[in-house]
1. Could you pull the Rg and Dmax for the stretch 458-570, using just the Cα atoms, both in Å?
2. Just to verify a number: FRET efficiency for Ser240 and Ala422, C-beta to C-beta distance, R0 = 60 Å, to 0.05?
3. Quick check: residue separation of Glu29 and Leu167 times 0.36 nm, minus the Cα distance between them. What number comes out in nm?
4. How much of the pair distance distribution for the stretch 385-431 lies past 17 Å, counting alpha-carbon pairs only, in percent?
5. Return one number: the angle in degrees, 0 to 90 and rounded to the nearest 10, between the long axis of the Cα atoms of helix 297-313 and the longest principal axis of the Cα atoms of the chain.
6. Lysines within cross-link reach of Lys160: Cα-Cα under 23 Å, excluding same-chain residues under 8 positions apart?
7. What list do you get for Ser61, Ser311, Ser240 if you sort them by fewest beta carbons within 10 Å?
8. Return one number: the angle in degrees, 0 to 90 and rounded to the nearest 10, between the long axis of the Cα atoms of helix 259-291 and the longest principal axis of the Cα atoms of the chain.
Amino acid sequence: MTASTHMMPPGAPGFADLYTPKLVTVLREGYGLPQLRADAISGLTVAIVALPLSIAIAVASGASPAQGLITAIVGGFFVSALGGSRFQIGGPAGAFIVLVNTTAATYGMDGLILAVLLSGIMLAAAGWLRLGTFVKFVPYPVTVGFTAGIAIIIFSSQMKDLFGLTLAGPEPGPFLEKLPALASAAPTAQWQAFAIAAATMAVIFALKRFRPTWPGILLAVVLAAVITALLKVNIATIGSRFGAMPAGLPMPHLPAFSVAKVSAVLPAALSFTLLGAIESLLSAVVADGMTGRRHRSNCELVAQGAANVASAMFGGICVTGTIARTATNVRAGAHGPVSGMLHSVFLLVMMVIAAPLIAYIPMAALAGVLAVVAWNMFEKRAFWQLLRSSRGDAAVLLATFGLTVFRDLTEAIIVGFALGSALFIHRMSQTASVELGAPLVRPDEADDATPRAPYDESADSNREVVVYRISGAFFFGAVASIGSVLDRIGDQHRALIIDFSQVPFMDSTAAHTIEGLVHSAMRRRVAVWLTGLNQATTAVLKAHNVAPPEVFVEPDIRTAQAKALAMLAEG
């Protein structure tokens, strides 16, 4: 797999380049009062968003509200201080709800915390072994499939509090067992709980639509708590279910462990490690796409490992990079990792000051918050694109989605990755060809009668036009290396030409990368030309909305260069 351009690629990164935290990089660049002001504002903004989310995710995971805040405070601080992404925000994530809940129910809270500690050690080891690059090779249909499956499971786990149901016994964990239990409890539904949950969701959606800069989740939860307290609505609250909130952090300590207990929780720790690595690096990639920066994947894994160890020592749960809070951090104007560190400090202050008030939050309001989280997690547009993209990608997507909902998340990822690999091998076998009756090296022959176009020196010397030629199968395994080259579009470039004439096959992960590149180029006012497309690559790109008028399509590089130069000349 090769890519060529007029710009020479940098040398291979050294040890310091791989593991230097972005905090050190930002401080070396120069850090003053303007940068601190920007980080303080963005840190406070993220803390306001993270407060209700951390509580809601912890409660849905079978942990206490205090454990959710401890995870965001302690884990989030270490993720930002040691991480390889400038903008990553760490904390409890919705993707872990199912695994954490199952682990806590099976091994108890001590077993869960031990699994988090072991997961942190394994994440750090994965970073030191430079496995961060390989985590990026998970196919796009697998990530979309298990994310959508998790969204379904999160929503189903909130139906009890969403409708105020009273179950005859403990709520079953498996999806197929949960639905009949919830259906049998339907006569116990409380309309007050559903009204509070519905109002919470309505406020969140309305503020996102009409006041997107306002902290919709926090305002919705506060409003629900005020209404519940003033009207003395008889529904479950955090205080009635969990008691008083601690006004601060506990003393750190190691969880109790033995060889037998470590062996018992090891499978859960492996699941936490796999999902944590995928989630954190996916969040870092999202931040890269929003800012044009490049994260250090192995450094990020080491930081995630340290954060999980620290979270476990304070009694917290799993820590990972959170896409929604990281995106909020970027949009709020963060300058660097200090924003994430301040977000943890602000959360600690809120915990100390507002601990008595948190007890008034209705469980139905938290269920409404997580219902919105589940809605946002289900990537409806991406899901539909993959269903239309090809039968192979659709099969991987649906298999991963089905196994996530009905079986096990770790099993879903492993099977999805195996199916994606098998699909790739099958597609690669179709691109192979055998030439018969001709030598490997053809003799020199006279040119045909078609006159060669005159050499245009301006097309190669104009640095505003950059040309990339991709050779070979463009698939999920090549996205990391090719994507890093394509991302080197400088501010001096005004036109980008990508030639696909030597690309026999492109999968949906590669098409998704090109889609992100096109959107990034549009934001920077860089026109994009695609050349040499065959019928197959055209179809998969079109399924991802990479088509005119967002891009220009020409048969060859020379034609695209001429039209790009003409467009630049016109201004």
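All of the numbers you see were taken from the coordinates with simple rules; none came from a lab. Treat the numbers as computed from the prediction; the structure is a model and nothing was measured. Methodologically, a virtual Cβ is constructed for each residue, glycine included, from the backbone with ideal geometry; neighbour enumeration extends over all protein chains shown.
1. 13.1, 40
2. Given R0 = 60 Å and the Cβ-Cβ separation, E is 0.70.
3. Values: separation 138, 0.36 × 138 = 49.68 nm, distance 5.75 nm.
So the extension gain works out to 43.9 nm.
4. Value for the stretch 385-431 (Cα pairs over 17 Å): 34 percent.
5. For 297-313 against the chain, the angle is about 10 degrees.
6. Within the straight-line cut-off, Lys160 pairs with Lys178, Lys232.
7. Lowest count first: Ser240, Ser61, Ser311.
8. Computed tilt is about 50 degrees.
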